[in-house]
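The next block holds one structure in the form of structure tokens; read it before the comments.
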Amino acid sequence: MFEYAPAPESVRPQIKEHYGLFVDGEFTDAADGADFKSVNPSTEEVLFTVAEAGEADVQAAVAAARRAQETVWGPMSGAERGKYLFRIARLLQEKAREFAVAESLDNGKPIKETRDFDVPTAAQHFFYHAGWADKLAYAGLGADPRPLGVIGQVIPWNFPLLMLAWKIAPALACGNTAVLKPAETTPLTALMFAELCQEADLPPGVVNILPGAGGTGAALVASAVDKVAFTGSTAVGRAIAKSIAGSKKKLTLELGGKAANIVFDDAPIDQAVEGIVNGIFFNQGHVCCAGSRLLVQESVADEVLARLKARVETLRVGDPLDKNTDIGAINSAEQLERITALTDTGRGEGAEVWQPDCDLPDRGFWFRPTVFTGVQQSMRIAKEEIFGPVLSVLTFRTPDEAIAKANNTPYGLSAGVWTEKGSKILWAAERLRAGVVWANTFNQFDAASPFGGLKESGYGREGGRQGLEAYLDV
Amino acid sequence: MSDRLRVKKTYKLYVGGKFPRSESGRSYPVSSPDGTELANAALASRKDGRDAVAAARKAQRPWAGQTAYLRGQILYRAAEMLEGRAGQFAEEVAEATGAEPDAALGTVESAIDRLVHYAGWTDKYTSVLGGANPVAGPYFNHTTPEPLGVICVIAPQDDPFLGLIEAVAPAIAAGNTAVVLASETKPLPALSFGEVLATSDLPGGVVNVLSGRAAEIAPHLAAHADVNGIDLSGVADAELAASLEAAAAETLKVVRRPGRQLDSLGLLRQWTEYKTVWHPAGMAAAAGGGY
């Protein structure tokens, strides 16, 4: 077997030493002067410092957004709003390489993924929603759907730019203005996006970006916004839902998951193995819809596991900026600690752990791809979202048992089904309590396809015709 | 004013991504409403019409097979290209129609915005028009719109640019390919529009532009067995329109009659077929094997 030579990405984006908040079209420091550092998780080096928004900044941003919504963006024709969004989509396409490298640096995910997935999918999201701006009457939500007003948005660190696109594109297309808080550990591409809004001549106040931590998010949720859109953990989602209870604020939530990836005995095994690997190791497993529970039919379990381990042995873990890298760095020390703790629990509960024998870099936050076998439904690794490259393997004998196990979770975001029988796919899809079901594929995303969960994975959809409802007064 | 001699453009057809003269070797003079001679346009023949239909047919399946997202980006690219040449087109529209420069520029700007509008439809109209059907049995049943195929457009006579784009854009946005017969007396902006399409990543043959006499060519296009739909918007003569519709009936083409006003979704629907797929969804069927 040949070794891979290093293939490092050569482009380096222009990262400033310091970024401000983006309020009313201008970069500004926090009213109280607070700032924090953003770290490259693959080296632990500080990339830049950034202002941390406090309550006064939140109020200023919401006021700017309100003014922009009432005087400029709301009254503007849908066609003209759409043209701004098309412009943003085109600028993102033009700067795709720069954004991809920046995202890899700040997040730790492989350049292969930022280049081929995060950035192009974000651009598609703007392109898609640009087209809706003058067609909202055709969305099936009434003849004259109105915007909600000012939207407060809080996004996670796993797909920083893409989650921003999922939030801002539909909000703006529907005539709202936005105040968005990127995740504490990954503000870079949101700030670059703010610069891009300036370049697009987007009217001031339409998009406001407020870096910060949980406190900033809480202040934004509590502020005078008309709607809150949140993607992140179920615990925080629950707290947000409680905190706005009794108010007139609307809410959509895209929360955690513990997706079952079901492999029936009549599945195309090689394809299924690729799908299992993609399902759990894509983006280091930092994916709310990750296929973190493999449910494999007993009769093919040995074969699937043998091939799965052989495949995982070939995964390359390391430098996110190397184009050959499959698995990059864990996003933060905190997340690494959480993954490590839950994995230790799995060992303690009696599951059998397997990891490939791969080298890890000396510095940075790293975790080997991990497969647990002999997992029982009662174990924490079968119930809790690990949000890391850790797969829990369970087995089943009958299709009914597979469905029962798959649905035995408070979550309901996604599921996978592997079988060559179409009727079985549709039978299973009908019974799976999940917002997205992938059949003979996994982790597919498209601006035209609604995404979102059931049960404690939240409510509301993002993308597609159905996703517009979250940003319209209907 | 410079005494340099101006290099005048030869206006040719746009067929299969190329700019041929008419195979007949004919041309006809084109003037502005005040009688100023503008240029000679190729006078397309029946054979040119057949060539254009063949080019459109060849391009249709690959075009429909592109992702809707890509079709949208290409239409948007056409809008970008047109924006860069807005001045030239405003001049051509003004010369062709006698419109004031401001009004002509307004027409061109509207045309750009309409291309952007249809760029946004490509990845949405299937979701708006199609969907799941709740049949009374254990079946997955889904209906999705599909392009009709090759559409012939007899473009509006007095609105030679915006009218043409408003007719062509929905047809190609929905995955059809088009053969367009430009306004007989005002064909120049349409022929120049071919240059915009040729530089917009639009595959050759998706749009083909002919100039000539509707009374001469349209009957052949209407009777052509490899054409699936015909837009008679630009046929002012009621008798000719009726005879074209009758000719189109022989191969059961879909016809848009003159004067039929439609919104953008209506235009997309006009050139769309529906396909319904049934598939068993029950475990009994799955257990029985073979599915």
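Laid out as a table, the results:
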| quantity | calculated |
| --- | --- |
| Chain B, relative contact order [Cα under 8 Å, separation at least 6], % | 24 percent |
| Scaled radius of gyration (Cα, divided by 2.2 N^0.38 Å) that region A:267-420 gives | 1.00 |
| Unit Cα scatterers, Debye sum, chain A: log10 I(q)/I(0) for q = 0.05, 0.07, 0.09, 0.11 Å⁻¹ | -0.18, -0.35, -0.58, -0.87 |
| Calculated FRET efficiency for the pair A:Cys358/B:Thr251, C-beta based, R₀ 56 Å, to 0.05 | 0.30 |
| Residue-count net charge about A:Ile330 - beta-carbon cut-off 11 Å; Lys, Arg +1, Asp, Glu -1 | +1 |
| Shielding of A:421-433 by partner chains, average beta-carbon count, 10 Å | 6 |
| Karplus (6.51, -1.76, 1.60) ³J(HN,Hα), θ = phi - 60°, over region A:336-352, in Hz, Gly and Pro reported as x | 4, 4, 5, 5, 4, 5, 5, 5, 4, 4, x, 4, x, 7, x, 6, 8 |
| Spatially near lysine pairs across chain B, Cα under 28 Å, sequence gap of 8 or more or different chains | 23 |
| Label point distance in nm, A:Asp266-A:Glu303, each placed 7 Å from Cα along Cα→Cβ | 1.4 nm |
| Averaged over A:78-88, number of beta-carbon atoms from partner chains that fall within 10 Å | 2 |
| Point-to-point label distance, A:Thr340-B:Thr36, nm (Cα→Cβ direction, 7 Å offset) | 8.0 nm |
| Ranked list, fewest to most other Cβ atoms within 10 Å of each Cβ, for B:Lys47, A:Lys424, B:Lys124 | B:Lys47, B:Lys124, A:Lys424 |
| Packing-based exposure ordering (other Cβ within 10 Å, fewest first) of B:Leu181, A:Leu164, A:Leu342 | A:Leu342, A:Leu164, B:Leu181 |
| Region A:291-340 shape via C-alpha gyration tensor axes, a/c threshold 1.5 | oblate |
| Partner aspartates and glutamates for A:Lys248 [C-alpha distance under 17 Å; skip if fewer than 8 residues away on the same chain] | A:Asp226, A:Glu469, A:Asp473 |
| Per-residue [θ]222 nm for the protein assembly as shown (sum of -39500 (n - 2.57) over DSSP H runs n ≥ 4, rounded to 500) | -12500 deg cm²/dmol |
| Angle in degrees between helix B:101-119 and the longest Cα principal axis of chain B, rounded to the nearest 10 | 20 degrees |
| Estimated inter-spin distance, A:Ala213 and A:Thr71, nm [label 7 Å along Cα→Cβ] | 3.6 nm |
| Principal-axis tilt of helix A:298-313 within chain A, Cα atoms, nearest 10 degrees | 60 degrees |
| Gyration tensor verdict on region A:1-154 (Cα atoms; rounded if a/c is under 1.5, prolate if a/b is larger than b/c, oblate otherwise) | oblate |
| B:Ala44 long-range amide H proximity, modeled H, under 5 Å | B:Ser211, B:Gly212, B:Arg213 |
| Proximal charge balance of B:Gly72 [Cβ under 10 Å; K/R count +1, D/E count -1] | +2 |
| Net charge, B:Tyr28 excluded, C-beta distance under 10 Å - Lys, Arg +1, Asp, Glu -1 | +1 |
| Those aspartates and glutamates that a straight Cα-Cα span of less than 13 Å connects to A:Lys37, excepting residues fewer than 8 apart in one chain | A:Glu17, A:Glu45, A:Glu52, A:Asp106, A:Glu184 |
| Sequence-separation-based contact order of region B:137-244, relative, with Cα cut under 8 Å and 6+ spacing, percent | 35 percent |
| Eligible aspartates and glutamates near A:Lys309 by straight Cα distance, threshold 14 Å, same-chain separation 8 or greater | A:Asp270, A:Glu274, A:Glu352, A:Asp357 |
| Range of Cα positions in region B:39-288 per principal axis (Å), largest first | 72, 39, 29 |
| Computed lengthening from A:Gln376 to A:Arg316, 0.36 nm per intervening residue step minus Cα-Cα distance | 18.7 nm |
| Neighbouring partner chain Cβ atoms per residue of A:126-134, average, 10 Å criterion | 5 |
| In degrees, nearest ten, helix B:214-223 long axis to first principal axis of chain B (Cα) | 20 degrees |
| Cα gyration tensor shape for region A:36-88, rounded if a/c is under 1.5, else prolate or oblate | oblate |
| Ranking of B:Tyr76, B:Tyr28, A:Tyr128 by count of other Cβ atoms within 10 Å, fewest first | B:Tyr28, B:Tyr76, A:Tyr128 |
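Quick note: the coordinates plus some simple rules give every number you see, no bench work behind them. In this text the structure is predicted, and so the values were computed from the model without any measurement. Cβ atoms come from the backbone with ideal geometry, glycine included; neighbour counts cover every protein chain shown.
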